[in-house]
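Trainee: My questions will all concern the structure given below.
The values are calculated or read from the model by the stated rules, or taken from the named source; none is laboratory data. Just so we're clear, the structure is a prediction, and the values are computed from it rather than from any experiment. For neighbour counting, all protein chains shown are included, and Cβ atoms are generated from backbone atoms with ideal geometry for every residue, glycine included.
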Amino acid sequence: MADIKRLATMLNELDDLLTRCMRCGLCQAQCPVFARTGREADVTRGKLSLISGLSREMLKDPEQVQDKLNRCLLCGTCEANCPSGVKVTDIFLRARAILNGYLGLSPSQRIIFRSLLTHPGLMNRLVSFGAAFQGLLSKEADSIIGTSCARFNAPLIKDRHFKKLAKKPLHKQVPSLDTPSGASGLRVGFFPGCITDKIFPETGLAALKIFKHHGVGVYLPKGQACCGIPALSSGDSDAFSRLVRQNVQLFTAGKWDYLLTPCATCTATMRKLWPEYYKGSLGRVAVDKILDVSQFLVDVLEIKADHNQKEKIQAAYHDPCHLRNSLKVNVQPRTILSAGGRYSVAELPGGPSCCGSGGSFNLKHYQLSKDIGRQKARDIASTNASVAATACPACMLQLSDMLSKEQASIPVKHVLELYAESL
């Protein structure tokens with residue numbers, strides 16, 4: 001049963017956040033979902049109008065309200081370009097939490113958020129079991145990109161071209177690390193993130209290779225949990241707090257100068273959302289010390305781009321929304337991409353835009369996600385680049401799917417992998 005007093009308090013807090021919106025409609029030009037559907041209900045202004053009457057609307061038809069609020073990528077593009085400084089992401093997350101408090105979690109959400117994500121050991125065992133038998137249910141889609149598709153009709157997978165689970169995840173290859181600082185005099189805490197660990201361990205290994213090369217000590221504790229964004233974006237603030245608490249306890253047990261992650265979504269969650277939504281103390285985990293790996297390499301270690309005029313391999317770079325919009329990090333990944341001297345950055349036509357992933361948005365609204373993503377794939381292909389590069393594992397999944405569907409056969413790599421090749 002919903003805690004009415006708590007919901008009333010949350011609704012009042014939400015009203016305070018909504019007062020800045022002037023309903024000017026400038027968000028229309030920024031929203032990737034609205035660009036595809038043209039529906040006022042899909043643009044930020046339309047959703048904020050709905051939220052402004054949330055207490056009334058959720059009594060009439062809470063499921064419909066929830067569906068409308070879930071048709072948002074949480075990419076932050078509207079917020080980054082809002083002339084009034086409306087905290088759109090914050091408003092949407094709070095509104096989803098209110099609806100969750102009113103409706104309660106679905107059985108599947110309870111299993112995922114409270115039984116699996118909050119128990120990393122159990123989650124790892126289930127994923128390892130899935131990895132062992134995934135070959136029976138999938139077949140190759142594109143050998144160059146490394147994607148597969150389902151052998152049989154599967155409602156959840158649908159027509160996705162997906163990257164398989166790693167045969168040996170990062171936590172099996174490197175269970176833990178606690179190495180002293182070298183020439184740099186620095187030690188970092190390393191948070192690989194779920195997708196890096198279970199699907200792209202090569203990204204995590206590239207980061208560790210880079211740290212070793214530059215004399216950076218690493219504290220990598222065993223048993224890390226999810227950063228919490230799947231639970232929070234679905235409105236489960238309690239599971240989010242449990243996940244943050246687990247990670248804070250792990251990282252406060254070691255000594256480090258910076259806490260780094262190669263995942264744009266994890267970085268934005270840890271820097272922006274941990275201090276805002278966690279029901280507890282972050283202790284020694286200072287949010288200004290949480291950085292994207294490329295940001296650390298460029299801003300702290302002062303790694304420079306290679307401007308040698310020799311012929312280089314073209315890499316089409318996609319800006320992850322959580323880096324560019326939430327953290328204003330856009331130069332640093334490009335610098336790291338070109339720092340090794342082998343690659344040069346090929347910019348995409350039309351400039352930065354969302355790839356259409358959006359985490360759970362991709363699961364709930366795959367057709368919309370696919371419509372947005374296939375345009376991104378066509379933009380990448382138009383550059384004639386030999387490789388697609390980005391700085392977010394979630395974007396890597398989406399780009400791999402879309403490029404495979406477009407039969408572009410362009411491999412997708414993390415910028416850290418491309419830099420590590422030269423070391």
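Trainee: Can you list the strands (runs of 3 or more DSSP E) found entirely within segment 134-203 that contain at least 1 residues being modelled with pLDDT under 95? Walk me through how you get there before you give the answer.
Mentor: Numbers: elements: 138-142, 147-150, 186-190.
Where strands (runs of 3 or more DSSP E) fall fully within segment 134-203 and carry at least 1 residues being modelled with pLDDT under 95, they are 138-142, 147-150.
Trainee: Among the residues in segment 345-353, are any surrounded by 23 or more Cβ atoms within 10 Å (Cβ to Cβ) and touching a helix residue (DSSP H, G or I) at 6+ places or on another chain (Cβ under 8 Å)?
Mentor: As a first pass, look at segment 345-353 and keep what is surrounded by 23 or more Cβ atoms within 10 Å (Cβ to Cβ): none.
Among the residues of segment 345-353, not one is surrounded by 23 or more Cβ atoms within 10 Å (Cβ to Cβ) and touching a helix residue (DSSP H, G or I) at 6+ places or on another chain (Cβ under 8 Å), which makes the answer no.
Trainee: Tell me which of these HIS119 doesn't satisfy, since it passes every other one: (1) surrounded by 13 or more Cβ atoms within 10 Å (Cβ to Cβ); (2) closer than 20 Å to GLN398 by Cα.
Mentor: It is condition (2) that HIS119 fails.
Trainee: Which of the residues that make up segment 311-323 are touching a residue at least 24 places away in the same chain (Cβ under 8 Å) and more than 15 Å from LEU291 (Cβ to Cβ)?
Mentor: Residues of segment 311-323 that are touching a residue at least 24 places away in the same chain (Cβ under 8 Å), as a first pass: 312-323.
Answer for segment 311-323, where residues must be touching a residue at least 24 places away in the same chain (Cβ under 8 Å) and more than 15 Å from LEU291 (Cβ to Cβ): LYS312, ILE313, GLN314, ALA315, ALA316, TYR317, HIS318, ASP319, CYS321.
Trainee: Can you work out which of the residues in segment 82-115 that are surrounded by fewer than 16 Cβ atoms within 10 Å (Cβ to Cβ) and either hydrophobic (A, V, I, L, M, F, W, C) or without any contact (Cβ under 8 Å) to a residue 12 or more places away in the chain (or both) is farthest from CYS31 (Cα to Cα)?
Mentor: The residue in question is SER115.
Trainee: Could you tell me which numbered condition THR267 fails, if it satisfies all but one of (1) closer than 18 Å to ILE336 by Cα; (2) under 14 Å from the mean Cα position of the chain (by Cα); (3) assigned to a loop (DSSP other than H, G, I, E, B)?
Mentor: All conditions pass for THR267, except number (3).
Trainee: Based on what the data block shows, is THR267 in contact with a Leu (Cβ under 9 Å, 6 or more places away or on another chain), over 30 Å from SER422 (Cα atoms) and at pLDDT 95 or above?
Mentor: Values: in contact with a Leu (Cβ under 9 Å, 6 or more places away or on another chain): yes; over 30 Å from SER422 (Cα atoms): no; at pLDDT 95 or above: yes.
So THR267 fails the test.
Trainee: Something else now. When ALA316 is evaluated against the numbered criteria (1) of a type in the set (A, V, I, L, M, F, W, C); (2) at pLDDT 95 or above; (3) not in a strand (DSSP E or B), which criterion, by number, is the only one it fails?
Mentor: So the condition that ALA316 fails would be (3).
Trainee: Please work out if ALA389 is at pLDDT 95 or above, under 16 Å from the mean Cα position of the chain (by Cα), small (Gly, Ala, Ser) and within 24 Å of LEU260 (Cα to Cα). Break it down into steps so the answer makes sense when it comes.
Mentor: Details: at pLDDT 95 or above: yes; under 16 Å from the mean Cα position of the chain (by Cα): yes; small (Gly, Ala, Ser): yes; within 24 Å of LEU260 (Cα to Cα): yes.
The answer is yes for ALA389.
Trainee: Give just the number: which of (1) at pLDDT below 95; (2) outside any helix (DSSP H, G or I); (3) surrounded by 22 or more Cβ atoms within 10 Å (Cβ to Cβ) does ALA231 not satisfy?
Mentor: (2)
Trainee: Can you tell me how many residues in segment 270-313 are part of a strand (DSSP E or B) and either in contact with a Ser or Thr (Cβ under 6 Å, 6 or more places away or on another chain) or at pLDDT below 95 (or both)? Walk me through it before giving the result.
Mentor: Start the filter on segment 270-313 by keeping residues that are part of a strand (DSSP E or B), which leaves 290-292, 313.
If we keep only those that are either in contact with a Ser or Thr (Cβ under 6 Å, 6 or more places away or on another chain) or at pLDDT below 95 (or both) as well, we get 292, 313.
Residues flagged as part of a strand (DSSP E or B) and either in contact with a Ser or Thr (Cβ under 6 Å, 6 or more places away or on another chain) or at pLDDT below 95 (or both) within segment 270-313 amount to 2.
Trainee: For ALA394, are the conditions met, namely being free of Cβ contacts under 8 Å to residues at least 60 places away in the same chain, in a helix (DSSP H, G or I) and not assigned by TED's automatic domain parsing to the domain that holds ALA264? Before the answer, list the steps.
Mentor: On the way: free of Cβ contacts under 8 Å to residues at least 60 places away in the same chain: no; in a helix (DSSP H, G or I): yes; not assigned by TED's automatic domain parsing to the domain that holds ALA264: yes.
No, not satisfied.
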